[in-house]
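Chemist: My questions all concern the structure below.
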Amino acid sequence: MTYKLAIFDLDGTILNTLEDLADATNYALTQHGYPRRTTEEVRRFVGNGIRKLIERAVPAGTPEEEINRVHQTFSAYYQQHCADKTRPYEGILQLLQQLRAAGCMTAVVSNKADIAVQPLCRHYYDGLFDYAVGEREGIRRKPAPDSVLEVLRRLQTDASQAVYIGDSEVDIQTAANAGMDSIIVTWGFRDRAYLESQGGRRFADTPAEVYDLVRGMGKS
């Protein structure tokens with residue numbers, strides 16, 4: 001089918017943010033005397049928001065109040081350095097331009113803090129999203145459907161007319177919880193075999209394949 005709205009995850013889907021996330025994680029850890037993590041470890045830790053990233057990165061048994069301090073250090077650093085090494089995935093800019101030219105609305109829902117989501121979207125894809133939302137106080141993170149449902153309300157679109165595009169098991173669950181279809185990309189932070197084991201059914205290996213699926217021209 002052809003969708004009226006394409007909602008994108010951010011990290012691992014439209015932007016490769018891994019190096020900046022790893023740098024911020026290691027800055028926060030070392031500032032508090034904890035061992036550094038490898039980039040591959042950070043890759044496995046992301047997907048459920050910054051708080052969960054920090055909980056996974058600190059040593060097991062770290063007290064709650066210390067996790068809070070590491071989280072605060074991370075947030076302050078990342079707000080200033082979220083675009084140092086981050087880059088768009090090849091073909092995403094053209095994908096968004098093509099979707100909008102075809103009359104499809106576009107949006108972003110991310111578990112990244114909203115104070116980072118907004119500037120990143122403006123910096124790399126200015127004017128190419130009808131709405132973008134990140135993690136905020138009092139709103140449940142993905143895979144809860146809250147932010148996706150907010151986008152649907154804002155853009156006056158039914159879930160049956162929208163598709164969620166992401167790169168992780170969290171995105172698969174988010175789409176299911178929101179009652180909408182999903183497209184899972186294979187260039188992000190998880191491998192395809194794992195995503196298939198988590199319920200992924202429709203995959204795209206390139207942005208061009210995403211376009212075909214959104215416009216009803218790809219494999220179902």
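Any read-out appearing in this document is the output of simple, stated calculations on the displayed coordinates, not a laboratory observation. None of these values were measured; they are calculated from a predicted model. Every residue, glycine among them, receives a Cβ derived from its backbone with ideal geometry; neighbour counts consider all protein chains shown.
Chemist: If the elastic network links every pair of Cα atoms under 10 Å, which of G166, G199, G47 fluctuates the most in the Gaussian network model of the chain?
Modeler: In the Gaussian network model the winner is G199.
Chemist: Using the Cα centre as the reference, give the magnitude of the dipole from point charges on the C-beta atoms of segment 85-212 (Lys, Arg: +1; Asp, Glu: -1; all else neutral), rounded to the nearest 20 debye.
Modeler: That gives segment 85-212 a dipole magnitude of about 280 debye.
Chemist: Looking only at Cα atoms, what is the convex hull volume of the chain per residue, in Å³?
Modeler: Each residue corresponds to 112 Å³ of Cα convex hull volume.
Chemist: Charges at C-beta only: +1 for Lys and Arg, -1 for Asp and Glu. How large is the resulting dipole of the chain about its Cα centre, in Debye rounded to 20? Can you show the working numbers first?
Modeler: Numbers: 26 positive and 30 negative charges, 49 e Å.
Roughly 240 debye, rounded to the nearest 20.
Chemist: Work out the P(r) tail for segment 52-138: percent of alpha carbon pairs separated by more than 20 Å, whole number.
Modeler: Of the Cα pairs, 47 percent sit more than 20 Å apart.
Chemist: So, one more: Gap in Å between the Cα centre of segment 21-81 and the Cα centre of segment 91-135?
Modeler: Using only Cα atoms, the two centres lie 26 Å from each other.
Chemist: Set Lys and Arg Cβ to +1 and Asp and Glu Cβ to -1, take the dipole of the chain about its Cα centre, and tell me which of V151, F203, L128 lies farthest positive.
Modeler: Farthest towards the positive end: V151.
Chemist: Then there is this: Kindly state, to the nearest 0.05, the FRET efficiency for Q161 paired with D84, given R0 = 45 Å and r defined as their beta-carbon distance.
Modeler: The calculated FRET efficiency here is 0.75.
Chemist: At L149 and E196, where each label point lies 7 Å from the Cα along Cα→Cβ, what is the point-to-point distance in nanometres?
Modeler: Between L149 and E196, the label points sit 3.4 nm apart.
Chemist: Right, another one. Might you report the magnitude of the Cβ-based charge dipole of segment 18-81 about its Cα centre, with Lys and Arg at +1 and Asp and Glu at -1, to the nearest 20 debye?
Modeler: 120
Chemist: Antiparallel versus total DSSP beta bridges in the chain: what percent is that, nearest 5?
Modeler: 10
Chemist: Specify which residue in the list A60, H32, Y77 is farthest towards the positive end of the charge dipole of segment 18-81, using unit charges on the beta carbon of Lys, Arg (+1) and Asp, Glu (-1), about the Cα centre.
Modeler: The one lying farthest along the dipole's positive direction is A60.
Chemist: Next question. Per q in 0.11, 0.14, 0.21 Å⁻¹, report the Debye log10 I(q)/I(0) for segment 116-220, using one uniform scatterer on each alpha carbon and no solvent.
Modeler: Taking Cα atoms of segment 116-220 as identical point scatterers yields -0.35, -0.59, -1.32.
Chemist: Segment 18-81: D in µm²/s via Stokes-Einstein (Kirkwood Rh, Cα pairs, 10 °C, 1.306 mPa s)? Working shown, then result.
Modeler: Working: Rh = 11.3 Å.
The estimated diffusion coefficient comes to 140 µm²/s.
Chemist: Sum up the charges of everything whose Cβ sits under 9 Å from the Cβ of C104, counting Lys and Arg as +1 and Asp and Glu as -1, but leave C104 out.
Modeler: +3
Chemist: A follow-up question, please. State the extension gain, in nm to one decimal, for the chain segment bounded by A60 and L93, taking 0.36 nm per residue of separation less the distance between their alpha-carbons.
Modeler: Here the segment from A60 to L93 would lengthen by 7.9 nm.
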